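Chemist: Okay, handing you the structure first.
The values are calculated or read from the model by the stated rules, or taken from the named source; none is laboratory data. Small disclaimer: the values here were computed from a predicted structure and weren't measured. Ideal geometry is used to build each Cβ from the backbone, glycine not excepted, and the neighbour counts take in all protein chains shown.
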Amino acid sequence: MTTQVRVQNLSVSGPQTPENAEGFANSLTGSGCQVIIAVGDAQVTAATKVAGTNPEARFITVDSGTAAANVQVVSAGSLGDLRNSIEAKLAELAEAAS
């Protein structure tokens, strides 16, 4: 997986609103990002909306959101559990892409 996945962080700057976060999510999909992990109410709302118009991208939302064909919801639980859940989802997506 480490050779197939590149990870970068893009934090939403400014007000933490769904509208503001949507611009950041659109910039990620527009730059070809294939997996977006959304954490926080505004980010999850934005990711869910952007997912509907970007079926080629995959979204992982933490603790909320609505699962869909390209949206998977994981529970935060403990930090270790969250890390394991996200790593497992990324491994599944990398395997499916290969």
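Chemist: Report, by residue number, each residue of the stretch 50-80 that is at pLDDT below 85 and either in a loop (DSSP other than H, G, I, E, B) or of a type in the set (D, E, K, R) (or both). So that I can check it myself, show each step before the final result.
Modeler: First pass over the stretch 50-80, keeping only residues at pLDDT below 85: 76-80.
Selection gives Ala76, Gly77, Ser78.
Chemist: Among the polar types (S, T, N, Q) and out of contact with any helix residue (DSSP H, G or I) (no Cβ under 7 Å at 6 or more places or on another chain): is that true of Gln72 in this structure? Outline the logic, then answer.
Modeler: Details: among the polar types (S, T, N, Q): yes; out of contact with any helix residue (DSSP H, G or I) (no Cβ under 7 Å at 6 or more places or on another chain): no.
Spelling it out, it is not the case that Gln72 is among the polar types (S, T, N, Q) and out of contact with any helix residue (DSSP H, G or I) (no Cβ under 7 Å at 6 or more places or on another chain).
Let's see how each residue does on (1) among the acidic types (Asp, Glu); (2) surrounded by fewer than 13 Cβ atoms within 10 Å (Cβ to Cβ); (3) over 25 Å from Gly14 (Cα atoms):
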{"residue": "Ser27", "(1), (2), (3)": "no, yes, no"}
{"residue": "Gly30", "(1), (2), (3)": "no, yes, no"}
{"residue": "Cys33", "(1), (2), (3)": "no, no, no"}
{"residue": "Asn54", "(1), (2), (3)": "no, no, no"}
{"residue": "Phe59", "(1), (2), (3)": "no, no, no"}
{"residue": "Val62", "(1), (2), (3)": "no, no, no"}
{"residue": "Gly80", "(1), (2), (3)": "no, yes, yes"}
{"residue": "Ala96", "(1), (2), (3)": "no, yes, yes"}
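Chemist: Across the stretch 19-44, which residue is modelled with the lowest pLDDT among those that are polar (S, T, N, Q) and under 11 Å from the mean Cα position of the chain (by Cα)?
Modeler: Keep residues of the stretch 19-44 that are polar (S, T, N, Q), which gives 20, 26-27, 29, 31, 34, 43.
So of that shortlist, the ones also under 11 Å from the mean Cα position of the chain (by Cα) come out as 29, 34, 43.
On the way: Thr29: 92, Gln34: 88, Gln43: 93.
Among those that are polar (S, T, N, Q) and under 11 Å from the mean Cα position of the chain (by Cα), it is Gln34.
Chemist: Still on this structure: Could you list, ordered by first residue, the pairs with Cβ atoms under 6 Å in which the first is in the stretch 77-98 and over 17 Å from Ala67 (Cα atoms) and the second is part of a helix (DSSP H, G or I) and aliphatic (A, V, I, L, M), at least 6 apart or interchain?
Modeler: Hits for this filter: zero, empty list.
Chemist: Further question: Can you confirm whether Leu93 is in contact with a Lys or Arg (Cβ under 7 Å, 6 or more places away or on another chain) and in a helix (DSSP H, G or I)? Let's see the steps before the verdict.
Modeler: Working: in contact with a Lys or Arg (Cβ under 7 Å, 6 or more places away or on another chain): yes; in a helix (DSSP H, G or I): yes.
Taking the combined requirement at face value, the residue satisfies it.
Chemist: Given the conditions (1) in a loop (DSSP other than H, G, I, E, B); (2) surrounded by 16 or more Cβ atoms within 10 Å (Cβ to Cβ), which single one is not true for Gln43?
Modeler: With (1) in a loop (DSSP other than H, G, I, E, B); (2) surrounded by 16 or more Cβ atoms within 10 Å (Cβ to Cβ) applied to Gln43, the lone miss is (1).
Chemist: Quick check on the stretch 7-18: of everything there that is surrounded by 11 or more Cβ atoms within 10 Å (Cβ to Cβ) and either small (Gly, Ala, Ser) or over 11 Å from Val50 (Cα atoms) (or both), which residue is modelled with the highest pLDDT? I'd like the intermediate steps shown before the answer.
Modeler: Quick first cut of the stretch 7-18, residues surrounded by 11 or more Cβ atoms within 10 Å (Cβ to Cβ) only: 10, 12, 16-18.
Now narrow it down to the ones that are either small (Gly, Ala, Ser) or over 11 Å from Val50 (Cα atoms) (or both): 10, 12, 16-17.
Details: Leu10: 78, Val12: 88, Gln16: 91, Thr17: 94.
Top of the filtered list is Thr17.
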